[in-house]
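Q: Let me give you the structure first, and then I'll get to my questions.
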Amino acid sequence: MQIINKTRVFAIAKKEFFHIIHDTRSLIIVFLLPLIQLIMFGYALNTEIKNINLGISDNAKTEQSRALIKSFMGSDLYHVYSISNNSDDIHHAFLQKKVNAVLLISHDMRNLQLIIDGSDPNSASIIKNYISQTLSSGQSIIPIDIRTQLLFNPELKSSYFFVPGLIALILVMISALLTSISITREKENGTLEQLLISPLLPLEFILGKLLPYIFISMTIGFLILICGLLLFDVVFLGSAIAFTILSFVYVCTALSFGLMISTVSQTQMQAMLIALIFTMMPTLMLSGFMLPLESMPWLIRIISWIVPAKYFLKIARGLMIKGNNLTELLEPMLFLLGFTILLLSIAWNKFAKQMKELK
Amino acid sequence: MSKILSVYTNKITKKFGSFTAVDNVDLEVYQGEIFGFLGANGAGKSTMIRMLCGLLTPSAGEAKVGGYDVYKESELIKKSIGYMSQKFSLYNDLTVAENIDFYGGVYSLNKRNIQEKKGEIAVELDLDRQMNRLTKDIPVGLKQKLALACAMLHDPGIIFLDEPTSGVDPKVRKDFWNIIYQLSEQGKTVFVTTHFMDEAEYCHRLSIMHQGKIIALDSPQNLKKKNEENSINDVFIKLIRSQIDADYQ
Amino acid sequence: MIKIESVSKSFGDILANDNISLIIEESQIVGLIGPDGAGKSTLMRQLCSLISPDLGHIEIDGLDTVKSQREVRTLVGYMPQRFSLYPDLTVEQNILFFAELFDVPIKERKDKLEKLYKFSNLKAFSKRQAGKLSGGMKQKLALSCNLIHTPKYLFLDEPTFGVDPVSRQEFWELIFQLRDEGITVFVSTPYLDEASVFDKLALIFNGRLIAYQQPSAILAAFPYQIFVLQSTHYDYFAQMANVVYLHLFNKNINIAFSTEPSEEQWQEWLDKRIILTYEKKKTTLEDVFLLQSKHSVEL
């Protein structure tokens, strides 16, 4: 094993850096794209529903039932309408989209019936959550006392759930993309050949390629964190130092993945496709970002173990919302570190082999 | 011609699967020689050069480049050779100075050394005012000379030029060959492949490859005399055609 | 017949073609020679109606390339620099694709294909992927694709670029055969040795047509006698006022004078050992090229 030469590693890193800053257009895209993604995904994933049109049919007409209705009217979540207890009327109201939900109060106040428009199951379940939340928080006199307490996110803000997820998604996507293109570009242009003939070692090449992109990806990480905090009103309870250290590890994992992709693809196009598909799909589906992993079949759950975003999601949610410290997040960090080492050595190995038997 | 051996191969062979790209080739090239490598695409020229540069391990035979063994000392070979290919190995989106810095770094030259070299190149190629221009914006002839200069930054004794003049016009090619002659006079060994047969005439010695074998190796003058032809172009056509005819039978 | 009349074309500040006029007769091979960036490709692209001239006009068989673009395109075949075929399609699929593109009647396709196979010797490779052909065969396939619609005029932009001499010779044999069948070929090439056997040459420098003649006439019109001197005194000659052509190459000086030196002058140089030997050199196309470049090409 030969000794790594610092000059050569920095020569690669510096050159890579020049490529980046000369290409102003791509540079702008690299920084702008994550922000656009954040904003687009952010508003698209925003699952909070305001202005629920709620029809209430008060058949009790007592002090208590009025108090109940008041608690709905007092919240800006609802537009409350009075509706008759006629099933045809209710049916019509739903068909004409006048109401999203109807609450029937029985004449003896014993029975509350909630009818929700189920054509969009997602919003139906959110509406259900809201209404039962209001019912239990109001000083109502519901016969069965359901008292739910939500930890960390008492207002059920959806930004609490999607901002950390988006940081995980955007970081892995951009980072993998950056490094995957950077080597295939040299393959396509034929400059790689010139490097192969020099005394440059494969590991020096790999490390040199990694360095500038760590810097860029970290900058992007902070950028989306800050924008996420400003735009979507999320808390950040952990420490900035912990975020720096942990996102550094995550970025390294993603960049190493990009490097590995570039060893198997021949063209920039190929590299880009692979990078996008293999970062986006698992992060969206298998990291626990969009869909809870607990409800998935065991096979999928096992696969999710190799999705780096799953660990970073723990980290990001822990830091932002729970206020975890570094030691509490040691486990996901070690996983990410392991992935990085594994991916880097695969990339290094494959690349060294290609250098040897280049046809 | 000085008699210091620069490149030596003995029955060197390279197989890719069942395909023999280079077939038992013997070669002796001396210091200061301009050695031409001719042959059709796929004749084995590139494979041969790749082996001599330490990029490919031969399947059989022995080879020494600058005194180093291609099997065991490929890292040392890489330090003592220069290589420039048809595609211009420069980064078009970097400036001239950045390209020089980069290749200086790859060959681990120190900062002062790189600065010195940069100065020399600026004077020699009259590039002083172009140092901060993007490489893609400088004329193609200049780019080609710069590529050669970058390949020579670490002052190698042997230089491989893989179709260095492809895509440039006759005037630029002629200028480039003057540089090749200068290198040879400084005692550098120059390996060159080309598709231009008029350039082949400029070499000290020539080899013509066909299907992995060297079918002719001599000075251009002798090759013409032996084959009773007026130009290397005609020699080449005659030799390859007779070889193809022989293959048919 | 192709008639190019006072054609000018610029791209931004660069005048690529500057008032070019020339007439190309039928059944001829006309070579287009000039340094990189002289405007060769620009002229060629205007001829096959891909771009239109800023000034002047071009007629092919009486059809204006701008006004009758469609008709012109059925008359011409154009093989651009580094013409790329579809490497994943077979030889036959490639040719048939072009047949469909140019709307060659189905009845005729088979005959034409056979004829092209015979002409190019590609029959044995008809089922091979184009990407797996050798450089020379790719060239022939590209040519075949451009011949399937039997064009009357063929424009080739550096068709033999990067191909070995044997394949190049075979390629030119095909081209000469086409000429004898009545096709007019307009071709640019960086190989000056190839150009010397064409019927006519058009020399372009800095966008201007500086000569349009038979190769022999161009050589005969070279105004100077070139001498080859064995000498190390390049600077001595460089400062002489009557030197019109000076080129150092491998310790030999190629030189031409506006007024040739007298016998006494030569003798004096020999005596002073400024030169060791001198001899007259036959002018080649390269010399014509270099003399022109000296005036027009800046590096």
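The values are calculated or read from the model by the stated rules, or taken from the named source; none is laboratory data. Everything numeric here is computed off the predicted structure, so don't read it as measured data. Using ideal geometry, Cβ is built from the backbone for each residue, glycine included, and neighbour counts are taken over all protein chains shown. Heavy atoms of the whole protein, side chains included, go into the accessibility calculation; ligands, DNA and RNA do not. Shrake-Rupley method; radii C 1.70, N 1.55, O 1.52, S 1.80 Å.
Q: Might you work out the accessible area of residue A:210 for me, using a 1.4 Å probe with all protein chains in place, and round it to the nearest 10 Å²?
A: 10
Q: Residue by residue through A:10-19, how many Cβ atoms from other chains fall within 10 Å of the Cβ on average?
A: On the way: counts 1, 10, 3, 1, 4, 9, 1, 1, 9, 4.
Whole-number average of other-chain Cβ neighbours for A:10-19 is 4.
Q: Here's a follow-up. Go through B:79/B:145; B:117/C:251; C:152/C:200; B:174/C:280 and tell me which ones have a Cα-Cα distance over 23 Å in this structure.
A: B:117/C:251
Q: Would you list C:247, C:57 from the most to the least accessible area, probe 1.4 Å?
A: Values: C:247 20, C:57 70 Å².
Largest accessible area first, the residues go C:57, C:247.
Q: Among the DSSP beta bridges whose two residues both lie in the protein assembly as shown, what percent are antiparallel, rounded to the nearest 5?
A: Percentage antiparallel, nearest 5: 55.
Q: Compute the long axis of helix B:111-124 from its Cα atoms, compare it with the longest principal axis of the Cα atoms of chain B, and write down the angle in degrees, 0 to 90, nearest 10.
A: Long axis of B:111-124 versus the principal axis of chain B: about 70 degrees.
Q: Have a look at C:245, C:22, B:22 and report the one farthest towards the positive end of the charge dipole of the protein assembly as shown, computed about the Cα centre with Cβ charges (Lys/Arg +1, Asp/Glu -1).
A: B:22
Q: Let me ask something additional. Subtracting the Cα-Cα distance from 0.36 nm times the residue separation, let me have the gained length for residue C:267 to residue C:181 in nm, one decimal.
A: 25.4 nm
Q: Still on this model: So what is the 222 nm mean residue ellipticity for chain A from helices alone, if each DSSP H run of at least 4 adds -39500 (n - 2.57) and you divide by all residues, rounding to the nearest 500 deg cm²/dmol?
A: When only DSSP H runs of four or more count, the value is -22000 deg cm²/dmol.
Q: Along each of its three principal axes, how wide is the spread of alpha-carbon positions in the range C:2-219, in whole angstrom units, largest first?
A: Principal-axis extents of the range C:2-219 (Cα, largest first): 47, 37, 33 Å.
Q: Do any GluC sites (Glu not before Pro) in the range B:171-239 lie in a loop, going by DSSP, with at most 11 other beta-carbon atoms within 10 Å of their beta carbon, and if so which?
A: When the GluC sites (Glu not before Pro) of the range B:171-239 are filtered for loop state and at most 11 Cβ neighbours within 10 Å, B:228 remain.
Q: Another one. Using alpha-carbon pairs under 8 Å, 6+ residues apart, how would you state the relative contact order of chain B in percent?
A: Relative contact order here is 25 percent.
Q: While we're looking at this one, here's another question. How do A:348, C:266 rank by accessible surface area computed with a 1.4 Å probe, from largest to smallest?
A: Details: A:348 80, C:266 10 Å².
Heavy-atom accessible area, descending, gives A:348, C:266.
Q: Right, something else. Per residue of B:166-178, count partner chain C-beta atoms within 10 Å of its C-beta, then hand back the mean as an integer. Walk me through the numbers on the way to the answer.
A: On the way: counts 3, 7, 3, 11, 12, 13, 5, 2, 8, 5, 0, 2, 5.
The shielding value for this peptide is 6.
Q: Per DSSP H run of at least 4 residues, take -39500 (n - 2.57); add these up for chain C, divide by its residues and hand me the 222 nm value, nearest 500 deg cm²/dmol.
A: Helices in chain C give a 222 nm mean residue ellipticity of -10500 deg cm²/dmol.
Q: Rounded to the nearest 10 Å², what accessible area does residue C:25 show when all protein chains are kept and the probe is 1.4 Å?
A: Taking all protein chains as shown, residue C:25 has close to 90 Å².
Q: When chain B is modelled as a GNM with alpha-carbon springs shorter than 10 Å, which of B:89, B:219, B:108 fluctuates the most?
A: B:108
Q: Could you give log10 I(q)/I(0) at q = 0.05, 0.07 Å⁻¹ for the protein assembly as shown, computed by the Debye formula over C-alpha point scatterers of equal weight, without solvent?
A: Log10 I(q)/I(0), no solvent term: -0.45, -0.76.
Q: While we're looking at this one, here's another question. As I understand it, the value is the acute angle between the Cα axis of helix B:96-106 and the longest principal axis of the Cα atoms of chain B; what does it come to in degrees, rounded to 10?
A: Helix B:96-106 sits at roughly 70 degrees to that axis.
Q: Still on this structure, please answer the following. At a Förster distance of 41 Å, what's the computed FRET efficiency of residue C:236 paired with residue C:210, Cβ-Cβ distance as r, to 0.05?
A: Computed FRET efficiency for residue C:236 and residue C:210 comes out at 0.85.
Q: Would the range A:52-137 count as rounded, prolate or oblate if I go by the C-alpha gyration tensor, calling it rounded below 1.5 in a/c and otherwise prolate when a/b exceeds b/c, oblate otherwise? Each step should come with its number before you reach the end.
A: On the way: a/c = 1.73, a/b = 1.20, b/c = 1.45.
In terms of gyration-tensor shape, oblate.
Q: May I pose another question? Using the Kyte-Doolittle scale, which helices in chain A average at least 1.0 and also have C-alpha atoms spread 18 Å or more along the helix axis, with helices defined as whole DSSP H runs?
A: A:24-44, A:159-189, A:202-232, A:240-264, A:268-286
Q: Pop the C-beta distance of residue C:107 and residue B:41 into the FRET formula with R0 = 30 Å and round what comes out to the nearest 0.05. Kindly include the intermediate steps, with their values, before the conclusion.
A: Details: r = 38 Å, r/R0 = 1.26.
About 0.20, to the nearest 0.05.
Q: Find how many whole Å separate the alpha carbon centroid of the range B:51-104 from the alpha carbon centroid of the range B:184-244.
A: 24
Q: If you don't mind, another one. Which residues in the range C:91-111 have a backbone N closer than 19 Å to a point placed 7 Å from the Cα of residue C:127 along the Cα-to-Cβ line?
A: Only C:91-97 pass the distance filter.
Q: Using a 10 Å cut-off around each Cβ of peptide C:160-172, what is the average number of partner chain Cβ atoms that fall inside?
A: Counting Cβ atoms of other protein chains within 10 Å of each residue's Cβ and averaging gives 5.
Q: With a 1.4 Å probe and all protein chains kept in place, how much accessible area does residue A:307 have, in Å² rounded to the nearest 10?
A: We get 10 Å² for residue A:307.
Q: While we're here: Give me the distance in nm between label points sitting 7 Å out from Cα along the Cα-to-Cβ direction at residue A:354 and residue B:19, one decimal.
A: 2.0
Q: Specify whether the C-alpha gyration tensor of the range B:123-169 places it in the rounded, prolate or oblate class, a ≥ b ≥ c being the square roots of the eigenvalues: rounded for a/c under 1.5, otherwise prolate if a/b is larger than b/c and oblate if not.
A: Judged from the Cα gyration tensor, the range B:123-169 comes out oblate (a/c at least 1.5, b/c at or above a/b).
Q: Mind scanning A:187/B:118; B:213/C:282; C:40/C:67 and naming the pairs with a C-alpha gap bigger than 32 Å? Could you put the intermediate results ahead of the total?
A: Working: A:187/B:118 27 Å; B:213/C:282 36 Å; C:40/C:67 23 Å.
Check vs 32 Å cut-off fails for B:213/C:282.
Q: So how do C:145, A:227 rank on accessible area, 1.4 Å probe, biggest first, that is with the largest at the start?
A: The ordering from most to least exposed comes out as A:227, C:145.
Q: Work out the length of the dipole vector of the range C:2-219 about its Cα centre, built from +1 on the beta-carbon of each Lys and Arg and -1 on the beta-carbon of each Asp and Glu, and round it to the nearest 20 debye. Kindly include the intermediate steps, with their values, before the conclusion.
A: Values: 25 positive and 28 negative charges, 144 e Å.
Charge dipole, the range C:2-219, about its Cα centre: 700 debye, nearest 20.
Q: How much accessible area per residue does the range A:15-137 have, in Å², with a 1.4 Å probe?
A: Result: 59 Å² of accessible area for each residue.
Q: Counting Lys +1, Arg +1, Asp -1, Glu -1, what net charge surrounds residue A:100 among other residues with beta carbon under 13 Å of its beta carbon?
A: Value of the local net charge: +2.
Q: If you count, for each residue, the other Cβ atoms within 10 Å and average over each peptide, how do C:257-265, C:36-44 line up from highest to lowest?
A: Put in order of decreasing packing, that is C:36-44, C:257-265.
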